[in-house]
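Q: Below is the structure I would like to discuss, written out as structure tokens.
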Protein chains: 2
Amino acid sequence: MSAPVRLLLADDEHLIRGALAALLALEEDLVVVAEAATGPEALAMARAHRPDVAVLDLQMPGADGVKVATALRSELPECRVLVVTSHGQPGHLKRALAAGVRGFVPKTVSARRLAEIIRTVHAGNRYVDPELAADAISAGDSPLTAREAEVLDLASDGAPVTEIAERAGLSPGTVRNYLSSAVSKLGAENRHTAARTARERGWV
Amino acid sequence: MSAPVRLLLADDEHLIRGALAALLALEEDLVVVAEAATGPEALAMARAHRPDVAVLDLQMPGADGVKVATALRSELPECRVLVVTSHGQPGHLKRALAAGVRGFVPKTVSARRLAEIIRTVHAGNRYVDPELAADAISAGDSPLTAREAEVLDLASDGAPVTEIAERAGLSPGTVRNYLSSAVSKLGAENRHTAARTARERGWV
DNA sequence: TCCCGCCCCTGACATTTGTCATACGAGCCG
DNA sequence: CGGCTCGTATGACAAATGTCAGGGGCGGGA
């Protein structure tokens, strides 16, 4: 038998992380060499322990899984990254893939299945949960231009147009135009629903 | 030694649920007698197995932990309920306590700690995570009247006033009045931010 | 080269909001 | 009973927003 796969586990929920570590430890060919509760901690641990596969939660304080993956890609290219997510939005999938993530799975999979996927990823293959992939494909590509997306993003926390304009360095009229076209492209009722659907689809 | 504590575990994330079951099984006085992935399933399992303590995730498809807790309270009053949450909002805490939940903890606790808390709850005591409790206390009581809260809730998905008025069976002018007073009470910029802060504080 | 799409802006308009004053009935407390 | 708050409603006005119709400038592809 070859050397075991060395894992880094990063999740902010202690309960989950510990439980996961325990379950994965049952697999003979897997060994958890490091754990982290935050994005920066995950990076530090990765540098220190150089795992074969990093299993990252998407939502972590400090820096999310995708950010960590991006950093890892340049610092430790030989370390494969597998992202695990609670309630997966397709938008994150796209971002994750762009960041060089090799696997993307929801937490609804079983531990046994996760172990298999870890092996798959370690072998150099990719794995994306079929359901999440379908969602991402059905969401399609963003019809929004860069500016429209930016403005919509700034609008998503309910700020008034003047503030958006200021933050984007645009004239208020321009902002309204972008918002208007974004809303019509998304078939939304108003900018708030537009912002939400754009976020759901991963277009912002 | 007395009989072991019989547990129901409900969480939609298979990974977590399985891992949790495995960890809790390590404790000699705890035994997981049922697992569920959705709210309704949790209820059915509880009816069938009559556990001593139900450990419920706050977020589940079908019916959330609080809804399940409410149902359990009337159907199986002798079953203690412990709610576990990923990223706890104080609002849910208040709702949960009102529903007769005996314990409320974030998933950042360790498995060992969780086991202790399960024992505490089983003994008839209450346990609320200190940090979450502090948040809830600092959030205070809702300054909103029932109608204001209702209207704000309907407004939270970005619907226009006319639609809110229709859905609430009110005149549009009245809706605007309520919205206006709610916004000023919450010190918000507009109804959207007001709706969000109200939701964060658990006032809707 | 010319055209087209995107970016940025302006101005004008209709509609939707937020805000205020005011009103009336119901229920509650002193 | 007399005030009080709450729910409900109007009407009016100001401000914000959504929608159109333009018009430059710039870069990339036919």
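Q: Working carefully through the options A:Ala195, A:Ala159, A:Ala155, A:Ala182, find the one that is under 19 Å from B:Ala159 (Cα atoms), within 8 Å of DNA strand D (Cβ to nearest atom) and at pLDDT 90 or above.
A: A:Ala155
Q: Residues to consider are A:Val53, A:Val68, A:Val81; find the one that is modelled with pLDDT under 90, open to solvent by less than 10 Å² (accessible area, probe 1.4 Å), of a type in the set (A, V, I, L, M, F, W, C) and more than 21 Å from A:Arg201 (Cβ to Cβ).
A: Of A:Val53, A:Val68, A:Val81, the one residue that is modelled with pLDDT under 90, open to solvent by less than 10 Å² (accessible area, probe 1.4 Å), of a type in the set (A, V, I, L, M, F, W, C) and more than 21 Å from A:Arg201 (Cβ to Cβ) is A:Val68.
Q: For the stretch B:49-62, does any single residue satisfy the condition of being among the charged types (D, E, K, R), within 14 Å of chain A (Cβ to nearest Cβ) and within 18 Å of B:Ala123 (Cβ to Cβ)?
A: No, the stretch B:49-62 has no match at all.
Q: Here is a further query. Among (1) closer than 30 Å to B:Leu56 by Cα; (2) near DNA strand D (Cβ under 9 Å from one of its atoms); (3) within 12 Å of chain A (Cβ to nearest Cβ), which single condition is B:Asn190 missing?
A: (1)
Q: Exactly one condition in (1) within 21 Å of B:Val128 (Cα to Cα); (2) without any contact (Cβ under 8 Å) to a residue 24 or more places away in the chain is false for B:Ala10; which is it?
A: (2)
Q: In addition: Give me the pairs, please: first residue somewhere in the stretch A:172-193 and in contact (Cβ under 8 Å) with a residue 12 or more places away in the chain, second residue anywhere and open to solvent by 40 Å² or more (accessible area, probe 1.4 Å) and near DNA strand D (Cβ under 8 Å from one of its atoms), beta-carbon distance under 7 Å, and either six or more positions apart or on two chains.
A: Partner pairs satisfying both residue conditions: A:Leu179/A:Arg191.
Q: For residues that are hydrophobic (A, V, I, L, M, F, W, C) and surrounded by fewer than 22 Cβ atoms within 10 Å (Cβ to Cβ), scanning just the stretch A:31-50, find the one that is nearest to B:Glu13 (Cα to Cα).
A: A:Ala37
Q: Next question. Taking the stretch A:155-204, which residues are more than 9 Å from DNA strand C (Cβ to nearest atom) and of a type in the set (Val, Ile, Thr)?
A: A:Val161, A:Thr162, A:Ile164, A:Val183, A:Thr193, A:Thr197, A:Val204
Q: Same structure again: From the list B:Arg112, B:Arg102, B:Arg119, pick out the single residue that is more than 16 Å from DNA strand D (Cβ to nearest atom) and touching a residue at least 60 places away in the same chain (Cβ under 8 Å). Steps first, answer last, please.
A: Values: B:Arg112 fails: touching a residue at least 60 places away in the same chain (Cβ under 8 Å); B:Arg102 fails: touching a residue at least 60 places away in the same chain (Cβ under 8 Å).
Unique residue meeting the criteria: B:Arg119.
Q: Identify the residue in the stretch A:2-22 that is more than 14 Å from chain B (Cβ to nearest Cβ) and farther than 14 Å from A:Thr38 by Cα and, among all such residues, is nearest to the chain's Cα centre (by Cα).
A: Filtering the stretch A:2-22 for residues that are more than 14 Å from chain B (Cβ to nearest Cβ) and farther than 14 Å from A:Thr38 by Cα, the one nearest to the chain's Cα centre (by Cα) comes out as A:Leu7.
Q: Can you go through B:Val128, B:Val204, B:Val121, B:Val151 and tell me which one is away from chain A (no Cβ under 12 Å), open to solvent by less than 40 Å² (accessible area, probe 1.4 Å) and under 30 Å from A:Ile16 (Cα atoms)?
A: Residue meeting the stated conditions: B:Val121.
Q: Among the numbered criteria (1) more than 13 Å from every other protein chain (Cβ to nearest Cβ); (2) open to solvent by less than 10 Å² (accessible area, probe 1.4 Å), which one does A:Lys94 miss?
A: Evaluating A:Lys94 over (1) more than 13 Å from every other protein chain (Cβ to nearest Cβ); (2) open to solvent by less than 10 Å² (accessible area, probe 1.4 Å) leaves (2) as the failure.
Q: Condition test on A:Val105, is it away from DNA strand C (no atom under 16 Å from the Cβ), within 13 Å of chain B (Cβ to nearest Cβ) and touching an Asp or Glu at 6+ places or on another chain (Cβ under 6 Å)?
A: Taking the combined requirement at face value, the residue satisfies it.
Q: Looking for something assigned by TED's automatic domain parsing to the domain that holds B:Glu78, over 21 Å from A:Gly158 (Cα atoms) and open to solvent by 60 Å² or more (accessible area, probe 1.4 Å) - is there at least one such residue anywhere in the stretch B:162-172?
A: no
The values are calculated or read from the model by the stated rules, or taken from the named source; none is laboratory data. Keep in mind that this is a model prediction, so the values were computed, not measured. When we count neighbours, we look across all protein chains shown, and the Cβ atoms used for this are built from the backbone with ideal geometry, even at glycine. Just the protein is used for accessible areas: all its heavy atoms, side chains included, with ligands, DNA and RNA removed. Shrake-Rupley method; radii C 1.70, N 1.55, O 1.52, S 1.80 Å.
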